[in-house]
Every structure is written in structure tokens, then in C-alpha cells.
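Note sheet for the following structure.
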Amino acid sequence: MSDSPELVVRNFLAAWADPKPDELGAFFADDAVWVDGPQGTRRGADAIKSELVAQLGVSAGATVDVKLLLTEGRTVMAEYVSNFSVGGNPISSVVMAVFELGTGGRIKQWREAYDLKSVTDQIKTAGFNVPT
């Protein structure tokens with residue numbers, strides 16, 4: 001990828017609306033690491049792709065409203081609101097994330113922080129069980 005780090009992150013977040021495994025996987029370096037907030041760490045592009053597709057597949061995609069994006073070199077810090085639906089019920093989550101891109105323009109590390117309890121509470125309010 002020869003796009004700027006900011007554009008890579010924007011394109012990655014935009015790809016969530018219609019999640020295609022190969023497209024999502026192409027954003028990551030083979031040895032990438034995703035620190036998924038309170039849900040743990042995934043290592044390797046294939047593991048990240050699989051988990052991301054599984055999460056986005058529950059809601060058939062998500063739209064992301066970028067509130068703030070700062071770039072310094074190959075580091076991109078972002079604040080965004082992830083919007084998706086479960087059973088037709090809207091769910092949203094404010095996320096703070098840091099993306100580190102490698103020299104090849106792919107994401108090497110993605111660290112997220114968000115309120116998982118808020119998300120699970122919204123899903124429960126919509127009438128769905130949330131695994132613990």
C-alpha cells in the first residue's frame with residue numbers, strides 16, 4: 001500500500017461497512033498485532049482478519065464516524081464512533097485507537113480502548129443474550 005497512514009486507516013475503517021475477508025486482511029502486515037481493548041490480543045494477519053470478520057458479521061457490517069484523527073509519521077491516533085445493529089437495533093461505541101503502520105504501509109499494530117460493558121448493555125437491552 002502506498003497511501004498515507006491517515007488514508008490507510010480511513011480506508012480500513014470504511015471497509016467495515018461491507019466486510020470482505022480478503023480486503024480486510026490486506027490492511028495488515030503478516031505479523032500484525034491487534035489489542036482489542038478488553039477482549040484480548042490477536043496476533044497475525046489471519047487471526048485478526050478472522051476475528052474482525054466474525055465481529056462485523058454479527059451485524060452485517062458497521063459504519064464508523066471518525067471524530068478525530070492525528071498522524072505523526074507512521075502512527076495514527078483516532079477517536080471514532082462505531083455504529084452497527086443487532087437484530088435491527090442500533091448499537092454504538094466510542095473507540096479510541098492507535099495504529100502503527102510498517103514501512104510497507106500495512107498496519108503492524110492496532111490498539112483499541114472502549115467501554116465493552118456499554119456495548120453489551122445495549123445488546124442486552126435489545127433483547128439478545130451476550131456470552132460472558
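The values are calculated or read from the model by the stated rules, or taken from the named source; none is laboratory data. As the structure is a prediction and not an experimental result, all values here were calculated from the model. Glycine also receives a Cβ, built like all others from the backbone with ideal geometry; neighbour counts cover every protein chain displayed. Note: areas computed on protein heavy atoms with side chains; ligands, DNA, RNA excluded. Shrake-Rupley method; radii C 1.70, N 1.55, O 1.52, S 1.80 Å.
State all residues of region 40-93 that are assigned to a helix (DSSP H, G or I) and closer than 17 Å to GLN122 by Cβ; if no residue qualifies, say none.
Pass one, region 40-93, residues assigned to a helix (DSSP H, G or I): 45-58.
Within region 40-93, GLN55, LEU56, VAL58 qualify.
Looking at (1) at pLDDT below 95; (2) among the small types (Gly, Ala, Ser); (3) within 14 Å of the chain's Cα centre (by Cα); (4) under 24 Å from ASP3 (Cβ atoms), which one does GLY104 not meet, given that it meets all the others?
Tallying (1) at pLDDT below 95; (2) among the small types (Gly, Ala, Ser); (3) within 14 Å of the chain's Cα centre (by Cα); (4) under 24 Å from ASP3 (Cβ atoms), GLY104 fails exactly one: (3).
Where residues in region 68-84 are surrounded by 16 or more Cβ atoms within 10 Å (Cβ to Cβ) and among the hydroxyl-bearing types (Ser, Thr, Tyr), which of them is modelled with the lowest pLDDT?
SER82
Residue check, LYS117 against (1) more than 23 Å from ASP3 (Cα to Cα); (2) basic (Lys, Arg); (3) surrounded by 14 or more Cβ atoms within 10 Å (Cβ to Cβ), all met but one. Which one?
(3)
Scan region 99-114 and give yes if some residue there is more than 23 Å from ASP22 (Cα to Cα) and either touching a residue at least 40 places away in the same chain (Cβ under 8 Å) or touching a Leu at 6+ places or on another chain (Cβ under 9 Å) (or both), otherwise no. It would help to see each step written out before you state the result.
Filtering region 99-114 down to residues more than 23 Å from ASP22 (Cα to Cα) leaves 113-114.
Now narrow it down to the ones that are either touching a residue at least 40 places away in the same chain (Cβ under 8 Å) or touching a Leu at 6+ places or on another chain (Cβ under 9 Å) (or both): 113-114.
Taking every residue of region 99-114 in turn, at least one turns out to be more than 23 Å from ASP22 (Cα to Cα) and either touching a residue at least 40 places away in the same chain (Cβ under 8 Å) or touching a Leu at 6+ places or on another chain (Cβ under 9 Å) (or both).
May I ask you to list the residues in region 30-53 that are in contact (Cβ under 8 Å) with a residue 40 or more places away in the chain, more than 11 Å from the chain's Cα centre (by Cα) and open to solvent by 20 Å² or more (accessible area, probe 1.4 Å)?
ASP31, VAL33, PRO38, GLN39
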